[in-house]
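The values are calculated or read from the model by the stated rules, or taken from the named source; none is laboratory data. Since this is a predicted model, take the numbers as computed values, not measurements. Note that each Cβ is placed from the backbone with ideal geometry, even for glycine, and that neighbours are counted across all protein chains shown. The area values use the complete protein model at the heavy-atom level, side chains included, leaving out ligands, DNA and RNA. Shrake-Rupley method; radii C 1.70, N 1.55, O 1.52, S 1.80 Å.
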2 protein chains.
Amino acid sequence: MSNIDIISDKELQKGIREFLETAPDIYMAGVSVDTVIFGFHNDKLKALMLRFGNTPYFVLPGGYIRKEENLDAAAMRILQERTALKNIYLEQFYTAGNTNRSKEEVALELTQKMIGTIPNSNWFTQRFVSVCYYALVDDTKVNPVTEIFFTEVKWFDVNKLPKVLYDHDAIINKALKRLQADLDEKLVGFNLMSETFTMGQLQKLYEAVYQKKFVRTNFQRKILSLGVLERLEKQYSGKSHKAPYLYRFVKTS
Amino acid sequence: MSNIDIISDKELQKGIREFLETAPDIYMAGVSVDTVIFGFHNDKLKALMLRFGNTPYFVLPGGYIRKEENLDAAAMRILQERTALKNIYLEQFYTAGNTNRSKEEVALELTQKMIGTIPNSNWFTQRFVSVCYYALVDDTKVNPVTEIFFTEVKWFDVNKLPKVLYDHDAIINKALKRLQADLDEKLVGFNLMSETFTMGQLQKLYEAVYQKKFVRTNFQRKILSLGVLERLEKQYSGKSHKAPYLYRFVKTS
């Protein structure tokens with residue numbers, strides 16, 4: 001830890017300091033929100049993570065709950081601030097509450113290196129229980145936004161996570177388990193796809209979420225039997241009559 | 001409200017007052033735990049509820065999280081205090097966080113009627129986010145325990161709830177939805193049954209949870225196809241050779 005070189009950055013310092021000074025007046029103490037934002041690209045399931053200051057550590061997009069704000073609204077605000085997206089599919093899946101989860105000293109040590117004395121440090125080092133949400137986004141529409149503590153927003157393959165702070169790797173694993181259940185039960189997968197897609201692309205999504213291979217014919221039979229896909233007319237491209245069919249999800253609700 | 005007759009009870013008053021005086025030093029502020037304890041008897045799915053003081057209102061068993069206690073441990077402690085059971089099947093399913101959920105004035109008004117001036121009333125009227133768990137218990141083994149605020153512990157049919165405080169009716173509905181999903185997915189139902197049971201009893205449980213009727217032959221075929229039931233040898237009772245088979249769940253983990 002002590003060998004990490006923290007680059008001095010006046011703007012970053014000012015933003016962090018302002019946030020730390022005002023936060024205890026604005027936000028609930030003891031409860032925070034963390035979000036696992038899933039996207040699907042290049043056949044991989046990815047999660048959006050933020051670089052903590054100018055350190056090598058990454059964290060999940062998260063934040064605090066305003067004193068007069070509903071919990072779900074706080075989660076949606078945090079997501080929109082980070083992705084600039086509206087109408088995000090958002091699902092609360094877990095609340096993390098071990099006593100040692102916020103006792104991670106690294107974040108505090110790093111912050112101290114970045115800005116010197118920490119205002120209201122007692123407020124930030126108190127124990128926080130974190131309510132966790134996962135979100136499904138069409139990554140082509142996301143325009144990630146950095147802010148205050150964070151100098152970089154980056155997609156990571158869920159199987160190749162960077163160094164993380166707190167218990168955020170465990171939270172991502174929990175989110176993945178819940179996504180697997182929901183993909184089956186609530187057919188939420190279309191939130192990760194473009195409007196139209198081929199059967200092959202959909203199979204790649206399911207393989208990325210369940211982290212295993214499916215047999216093409218079995219997958220196709222099973223998914224079609226659910227009655228949620230609409231096959232579109234082939235558009236003559238002038239090139240090949242072997243172009244695969246395009247599908248889209250039928251919105252049932 | 002103002003017509004409710006609050007019976008004076010010195011022991012109750014003393015217990016409540018002691019609790020209110022010490023709670024802020026012992027417990028986290030802003031986060032609480034509520035539990036929906038499901039039991040199955042007389043073919044009905046029931047939830048255990050507590051009478052608030054000597055009022056007509058009931059609440060879910062719940063409590064606060066000790067400052068040095070893990071969240072899951074707090075839920076288990078609260079359950080054990082209330083049911084005197086060990087090895088309870090316990091599942092976190094939801095965190096309730098609307099701003100108006102703790103703003104219910106009734107509990108405070110009732111407490112005031114019971115004990116007069118309320119110590120630390122600011123601590124109790126602050127906003128609480130509540131982490132909710134459901135538990136599945138064999139009701140024949142439960143020995144409900146009253147304590148502090150509560151003068152009666154009672155099972156209620158989930159379709160015939162009494163007057164409740166806070167958002168506890170909404171929380172029970174959420175728990176029921178999650179139980180429906182988990183009964184299918186994780187086969188948690190055996191926690192609600194005695195060690196052995198007939199196919200008819202099991203069907204009644206599924207009907208109570210899903211709140212609909214099943215066709216006997218279909219139900220039997222489906223449940224046997226899961227491969228989780230073991231059929232026991234009939235014991236000759238000397239009475240009837242038509243006694244139904246008994247089954248038990250095979251523990252797979």
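Points to keep in mind about this one:
- Here B:K67 yields copy-to-copy label distances, from shortest upward, of 2.1 nm, the label point defined as 7 Å from Cα along Cα to C-beta.
- Sparsely packed loop sites in region B:30-131 (the trypsin sites (Lys or Arg not before Pro) outside DSSP H, G, I, E and B with at most 10 other Cβ atoms within 10 Å) comprise B:K86.
- Computed from phi, the 3J(HN,Hα) profile of region A:113-130 under the Karplus parametrisation 6.51, -1.76, 1.60 (θ = phi - 60°) reads 5, 6, 10, x, 4, 9, x, 6, 4, 4, 4, 7, 8, 5, 6, 10, 8, 10 Hz, with x in place of Gly and Pro.
- Taken over region B:10-185, lysine pairs spaced eight or more positions apart, or on distinct chains, with alpha carbons under 19 Å apart number 22.
- The modelled label-to-label distance for the pair B:D72/B:R231, using points 7 Å beyond Cα in the direction of Cβ, is 3.8 nm.
- Annotation note: trypsin sites (Lys or Arg not before Pro) in region A:149-199 located in DSSP loop regions with a Cβ neighbour count of at most 12 within 10 Å are A:K160, A:K163, A:K186.
- Sites A:K251 and B:K154, calculated FRET efficiency, Cβ-Cβ separation with R0 56 Å, nearest 0.05: 0.80
- Applying both filters, DSSP loop and at most 13 other Cβ atoms within 10 Å, to the GluC sites (Glu not before Pro) of region B:72-129 gives B:E105.
- Area accessible to solvent at B:T95, 1.4 Å probe radius, in Å²: 0
- Label point of A:E207 (7 Å along Cα→beta-carbon): distances to the other copies' equivalent points are 4.6 nm, sorted ascending.
- Antiparallel DSSP beta bridges within the protein assembly as shown, as percent of all bridges there, nearest 5: 75
- Exposure ranking of A:Y27, A:Y166, B:Y134 by accessible area [1.4 Å probe, largest first]: A:Y166, A:Y27, B:Y134
- In nanometres and ascending order, the distances from the B:E21 label point to those of the other copies are 4.2 (point 7 Å from Cα along Cα→Cβ).
- A:V215 accessible area, assembled protein chains, probe 1.4 Å, Å²: 90
- Note on chain A: GNM, Cα springs under 10 Å; of A:N42, A:N143, A:N191, the largest mean-square fluctuation is that of A:N42.
- Inter-site label distance for B:N143 and A:Q211 at 7 Å from Cα along Cβ, in nm: 4.4
- Each residue, B:Q13 and A:I26, gets one label point 7 Å from its Cα in the Cβ direction; the gap between the two is 4.7 nm.
- Computed from the Cβ-Cβ distance with R0 of 60 Å, the FRET efficiency linking B:K242 to A:A170 stands at 0.65.
- Prolate/oblate/rounded label for region B:194-249 (Cα gyration tensor, a/c 1.5): prolate
- Considering only A:F58, B:N159, A:V209, and ranking their Cα positions along the charge dipole of the protein assembly as shown that arises from unit charges at the beta-carbon of Lys, Arg, Asp and Glu, the one farthest toward the positive end is A:V209.
- When both bridge partners sit in chain A, DSSP labels roughly 75% of those beta bridges antiparallel.
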